[in-house]
Amino acid sequence: MSAYLDTSWDRRFYFCFRIEKKALFLSAMKILPDIATKRLAIKLKPSAEKMVKRGHPWIFEDSITKQNTEGKAGDLAIVYDHKKNIFLACGLYDPYSPIRIKLIQFKKSAAIDESWFISRISEAFLIRKPLLETDTNSYRLLFGENDHFPGCIADVYNQVLVIKLYAHIWFPYLHWILPGLVKVSGCKTVVLRLSRLLQSRGNTYGLNDGQVIFGTFENEVVIFREHGVLFSANVIKGHKTGYFLDHRHNRKRVGELAKGKSVLDVFSYAGGFSVHALKGGATEVISLDISKQALKMAEENAGLNPHSGAHQIMATDAFEGLQKLINQKRLFDIVIIDPPSFAKRESEIVKAKSSYARLAKLGSQLVVPGGILVLASCSSRIKAEDFFAIIEENIAGSGRTYEILEKTGHDIDHPVTFPEGAYLKCGYYKLNEFLKK
């Protein structure tokens, strides 16, 4: 790969950016590494080849039967049909992962160059464009494999873009990705975030987690809007990229349901559901989370928006807090339970299902007759049908009959293009009278 800072760069990108941005981009290009990559020829087992033909983006290490040379992170792996020797797909080689090749191009060969990246980024932006017409300026621009960027996330908060890398495979291509992202998003600042696992596995080429790689930064806390409601995100030190954007639609829905209601928001984190409920006219909202720091953010986010409802916080373990409220004989019009991922690995699935069952039983005891219980899961290893079956069985087991109001998945900026790309599921249940025991 040739050095990026050559005279052709100015000709290629001059039309994309205003003159005052040129100096910033030249400065950014000096920060980003110039890494040589090579092409690998790959053949697979028949079963893996079949999955590639179906468009699945993952090739595991034990699926490779032939490789012409040893690969490094980011090398372009070309997968050929083992019988016809024709192009099937190409991807990026990852020696640090059991998913050895992350595919980015299928069926038809293409030059993986700056034009390819700008085209993919532009396609991703078009999917999100309708969201930006809803008084929202925060969205996920790149959603990993689902947008042909496996192990790469790009989130926009107002005019700040946060790129989070989960794999070394993207370091050789940042100098192509950065201009494309800035061009379509119009962001003035770009922050790079690196996963802990990535940081622990080898060279990060002088780049650091939380580093500003384009533009300038006055405050690491960014104020942004979703459906007219204001929130803040610490894009330098915050969890993930600073906030959880995936529940946007569900937060809006709770806000629409909350007028004149009492609301309990469990695993509230920075108060996403709580703030929408308050802005929507809730009379009382309790944000419950084990993290005092998160609850402080919830209070600050509530303060960004005008509301007349009372906002209380409970800093406690969710299971203990729910039981405490049950013991106090508290009841709420709306109870939202949105836990973190309980099953990050295969061995945790059984325990995760048990935790969902407990939450459904506890939550069901806190909803007034005719009230709404909202339960969500972001565990990709738990299938949606299994999650909803567990929830419904345990609502009934708690002595409540129910009506299913709706079930939701990913918002528009989290498209799903392969089975493992789907993780979010959320159910809305109207609970009827308590059955007499």
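What the table below lists for this structure:
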{"quantity": "Residue that is most open to solvent (accessible area, probe 1.4 Å) [pool: residues in the stretch 246-268 that are in contact (Cβ under 8 Å) with a residue 60 or more places away in the chain and touching a His at 6+ places or on another chain (Cβ under 8 Å)]", "calculated": "Asp246"}
{"quantity": "Helices (runs of 4 or more DSSP H) completely within the stretch 1-86 that count 3 or more residues being among the aliphatic types (A, V, I, L, M), surrounded by fewer than 19 Cβ atoms within 10 Å (Cβ to Cβ) and modelled with pLDDT under 95", "calculated": "19-31"}
{"quantity": "Output for the stretch 148-167, where each listed residue is farther than 19 Å from Tyr243 by Cβ and open to solvent by 10 Å² or more (accessible area, probe 1.4 Å)", "calculated": "His148, Gly151"}
{"quantity": "Test for Tyr402: is it open to solvent by 60 Å² or more (accessible area, probe 1.4 Å) and under 24 Å from Gly255 (Cβ atoms)", "calculated": "yes"}
{"quantity": "Residue that is modelled with the lowest pLDDT [pool: residues in the stretch 168-216 that are among the β-branched types (Val, Ile, Thr) and either open to solvent by 40 Å² or more (accessible area, probe 1.4 Å) or closer than 27 Å to Gly71 by Cα (or both)]", "calculated": "Thr216"}
{"quantity": "Test: Ile104 is in contact (Cβ under 8 Å) with a residue 40 or more places away in the chain and over 23 Å from Leu142 (Cα atoms)", "calculated": "no"}
{"quantity": "Sole residue being at pLDDT 95 or above, open to solvent by 40 Å² or more (accessible area, probe 1.4 Å) and either in contact with a helix residue (DSSP H, G or I) (Cβ under 6 Å, 6 or more places away or on another chain) or not β-branched (Val, Ile, Thr) (or both), chosen from His239, His227", "calculated": "His227"}
{"quantity": "Top-ranked residue of the stretch 363-381 - restricted to ones that are out of contact with any strand residue (DSSP E or B) (no Cβ under 8 Å at 6 or more places or on another chain) and not hydroxyl-bearing (Ser, Thr, Tyr), ranked as nearest to Tyr402 (Cα to Cα)", "calculated": "Gln365"}
{"quantity": "Residue that is open to solvent by 10 Å² or more (accessible area, probe 1.4 Å), closer than 16 Å to Lys430 by Cα, out of contact with any Cys (no Cβ under 9 Å at 6 or more places or on another chain) and of a type in the set (Asp, Glu), where the choices are Glu346, Glu393", "calculated": "Glu393"}
{"quantity": "Candidate set from the stretch 409-426 (those that are in contact with a Leu (Cβ under 8 Å, 6 or more places away or on another chain), under 22 Å from Lys129 (Cα atoms) and not aliphatic (A, V, I, L, M)); member that is surrounded by the fewest Cβ atoms within 10 Å (Cβ to Cβ)", "calculated": "Gly409"}
{"quantity": "Pair list, Cβ < 9 Å and 6+ apart or interchain, from the stretch 184-211 residues that are within 28 Å of Ser115 (Cβ to Cβ) to residues that are of a type in the set (S, T, N, Q) and outside any loop (DSSP other than H, G, I, E, B)", "calculated": "Val184/Ser122; Val191/Gln211; Leu192/Gln211; Arg193/Gln211; Leu194/Gln211"}
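The values are calculated or read from the model by the stated rules, or taken from the named source; none is laboratory data. Predicted model, so just to flag it, every value in this text is computed and none were measured. Backbone-built Cβ (ideal geometry, glycine too); neighbour counts: all protein chains shown. With ligands, DNA and RNA removed, areas are computed over all heavy atoms of the protein, side chains included. Shrake-Rupley method; radii C 1.70, N 1.55, O 1.52, S 1.80 Å.
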